[in-house]
1. By DSSP, what percent of the beta bridges with both residues in the chain are antiparallel, rounded to the nearest 5?
2. Once you've got the GNM for the chain with C-alpha springs shorter than 10 Å, pick whichever of Gly109, Gly36, Gly223 has the biggest mean-square fluctuation.
3. Cross-link candidates for Lys23: which aspartates and glutamates have Cα within less than 15 Å, leaving aside residues fewer than 8 places away along the same chain?
4. What is the dipole size for the range 100-230, taken about its Cα centre, with +1 at each Lys and Arg Cβ and -1 at each Asp and Glu Cβ, in debye to the nearest 20?
5. Which order do the peptides 183-189, 55-61, 99-105, 209-215 take when ranked by the mean count of other beta-carbon atoms within 10 Å per residue, highest first?
6. Just to be sure I understand the model, the point goes 7 Å from the Cα along the line to the Cβ. What's the resulting Gln207 to Glu39 distance in nm?
7. Equivalent ellipsoid semi-axes for the range 137-234, as square roots of 5 times the alpha carbon gyration tensor eigenvalues: give them largest first, rounded to whole Å.
8. What residue among Leu246, Leu40, Leu278 shows peak mean-square fluctuation when the chain is described by a Gaussian network model with Cα springs under 10 Å?
Amino acid sequence: AAKRGKSAHMAVYDPGFDAGSQKTLTLLSELRHAIGAHELRLFLQPKIDVATDMLVGAEALVRWQHPTRGMVPPGQFIPFAEDTGFVRQLTLWVFEEAARQWAALHALGLHRISVNLSTRDLLDPELPTRFDAILRRQGVPATAFCLEITESAVMNEPKRALAMLHTLAAAGFELSIDDYGEGQTSLSYLKTLPVHELKIDQIFIKQIDRDEKDATIVRSTIGLAHSLGFRAVAEGVENAAILVLLRELGCDEAQGYHLARPMPAAEMAAWARQRAGLPALAPAGAGTVA
Ligand code: C2E
Ligand code: MG
Ligand code: MG
Ligand code: MG
């Protein structure tokens, strides 16, 4: 649903807009403009290995620094970008920005950056070649990335989506089923997907320290992931008790506000250094003697 700001101009996405409406056209042209005007921001949120507490990855999450509306969260423009097809350009922008961050983060021990894909991306036959061009340009291997796909994105057109997933997996990308448990993927279908990770929807994680049924669901989902040979990842880890429970349940990786909120990509390396107990790097131009 759209949120209304103080200015009447504050048109964030309302799924009720009809495709040709003036607001829709304005928002689309603003969004197109956003890339060239450097208004998109790459945020990263750390993922840790639950058993060792080590930083292992980060999820790329986009924000839109709008000149008058302020920092717009993805929930307010991604659905719109999906409906209009603009999301394909957005995905390429996010992917390239993430690739740019890779070398610095890999040097600090990070294994991979996760990037969210939409239904449109999965149905875009150009996607693998476009990703490949970016990897070459940035000098980053496909194995540096985990691509997160929701169940509904796959189930929309299962045959074409499955073919795309196989192409991406063959190119070296890891694949993750995002928000798992929220959709209705049949288990017989799940077992055919060439994925490496099940990311359990945060709705099941948030209360496992208080809700026994949620804890049961999470325990069995971790078991399911492992028996299919996938990593189990929890998102929405909001307190220490949840993390302790996830460790007991054998969950592989965790992400959530308790560990860190999504942060501007440029801050992530400093965060990782600090967490690893490494000294902060002197800011550029601080006049360190070599
Ligand atoms: P997602 O992929 O499931 O991403 C996780 C969302 O949960 C993020 O919201 C993150 O900030 C939030 N989150 C992480 N830890 C916690 C926690 O402990 N508590 C709570 N309450 N929330 C937590 P965000 O950044 O607002 O993104 C929302 C959704 O927008 C994402 O859900 C994803 O579906 C979509 N999105 C974000 N960036 C992109 C992108 O670059 N491309 C595409 N296609 N979709 C994106
Ligand atoms: Mg995600
Ligand atoms: Mg998710
Ligand atoms: Mg989600």
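1. Values: 17 of 40 bridges.
Of all bridge pairs located within the chain, approximately 45 percent are antiparallel.
2. The residue with the greatest mean-square fluctuation here is Gly36.
3. Within the straight-line cut-off, Lys23 pairs with Asp14, Asp83.
4. Details: 14 positive and 17 negative charges, 83 e Å.
My answer is approximately 400 debye.
5. Working: 183-189: 11.4, 55-61: 23.0, 99-105: 18.3, 209-215: 13.6.
Going by the mean number of other Cβ atoms within 10 Å, highest first, we get 55-61, 99-105, 209-215, 183-189.
6. With each label placed 7 Å out from Cα toward Cβ, I get 3.8 nm.
7. Working: eigenvalues 130, 49, 26 Å².
In descending order, the three semi-axes are 26, 16, 11 Å.
8. Sorting by GNM fluctuation, first place goes to Leu278.
Read-outs: derived from the displayed coordinates by stated rules, not from any lab. If you're wondering where the values come from, they're calculated on a predicted model, not measured in any experiment. Methodologically, a virtual Cβ is constructed for each residue, glycine included, from the backbone with ideal geometry; neighbour enumeration extends over all protein chains shown.
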